[in-house]
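J.: Please find one structure pasted underneath; my questions will follow.
The values are calculated or read from the model by the stated rules, or taken from the named source; none is laboratory data. All figures in this text were calculated on a predicted structure; none of them were measured in a lab. Neighbour counts are summed over all protein chains in view; Cβ atoms, including those assigned to glycine, are modelled from backbone coordinates with ideal geometry.
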């Protein structure tokens, strides 16, 4: 398509993201019976292949995060064929940058502002990337509640970049992201990665981090870059051990 951005649609790559009922139950620390009940109640995102339920690993993690469901540390497992080191949250934030008072009055404008400041290669077609993220939002909001959104696509954005990056943006004015809790979003974590496995691992770490009291607190108060990177470093040292949920969560 003449640009450096690649949407992952090849069957062999997408297969990495598909898991069955047993694996999903293990990742969510529940019984297979509970998984089937959640499917029946139209709560859990699933699809059928040859009469068997399959799940998109990234969607399951998104759902678990939005529903405040604890996930197993197994979700951090890196596929054996991964060629890159497991990404760290601190390094990803350093690569993507932490920015304050980002302008915008709606999803379109704040996502455009976020993409504009991302340290991407010059060859990247940024308007195309914006259209991809907006298309993802039209399928279902990436607003996870508590004023936070994590814009990305269902099949990860894979780019020719040396390492995964997360660009953290604190917005000048909160905007409506159709989040489940109805609260406007004031914080964006925008992710891009060089591989699917790196994307999934980093998304897992970010989901855990947002449930980690110290990290959640420093993000809520829009702490300094130094404070945020320090707590991210702490999380990298704790993961994949089970992290204590934030106060008030079950």
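J.: Out of (1) surrounded by fewer than 20 Cβ atoms within 10 Å (Cβ to Cβ); (2) modelled with pLDDT under 85; (3) in contact with a helix residue (DSSP H, G or I) (Cβ under 9 Å, 6 or more places away or on another chain), the odd one out for residue 143 is which?
T.: Tallying (1) surrounded by fewer than 20 Cβ atoms within 10 Å (Cβ to Cβ); (2) modelled with pLDDT under 85; (3) in contact with a helix residue (DSSP H, G or I) (Cβ under 9 Å, 6 or more places away or on another chain), residue 143 fails exactly one: (1).
J.: While we're here: Mind listing whichever residues of segment 110-126 are touching a helix residue (DSSP H, G or I) at 6+ places or on another chain (Cβ under 8 Å) and assigned to a helix (DSSP H, G or I)?
T.: 111, 112, 115, 116, 126
J.: Ok, one more. Condition test on residue 110, is it over 21 Å from residue 170 (Cβ atoms) and in the same structural domain as residue 180 (by TED's automatic domain parsing)? Walk me through how you get there before you give the answer.
T.: Working: over 21 Å from residue 170 (Cβ atoms): no; in the same structural domain as residue 180 (by TED's automatic domain parsing): yes.
In short, no.
J.: Something else: I need a count of the residues in segment 210-229 that are touching a strand residue (DSSP E or B) at 6+ places or on another chain (Cβ under 8 Å) and surrounded by fewer than 18 Cβ atoms within 10 Å (Cβ to Cβ).
T.: The total comes to 2.
J.: Please state which of the following conditions residue 102 fails to meet, knowing it meets all the rest: (1) crowded, with 19+ Cβ neighbours inside 10 Å; (2) modelled with pLDDT under 95.
T.: Of everything listed in (1) crowded, with 19+ Cβ neighbours inside 10 Å; (2) modelled with pLDDT under 95, residue 102 misses just condition (2).
J.: On the basis of being at pLDDT below 80, surrounded by 11 or more Cβ atoms within 10 Å (Cβ to Cβ) and outside the structural domain of residue 161 (by TED's automatic domain parsing), does residue 44 make the cut?
T.: On the way: at pLDDT below 80: no; surrounded by 11 or more Cβ atoms within 10 Å (Cβ to Cβ): yes; outside the structural domain of residue 161 (by TED's automatic domain parsing): yes.
The answer is no for residue 44.
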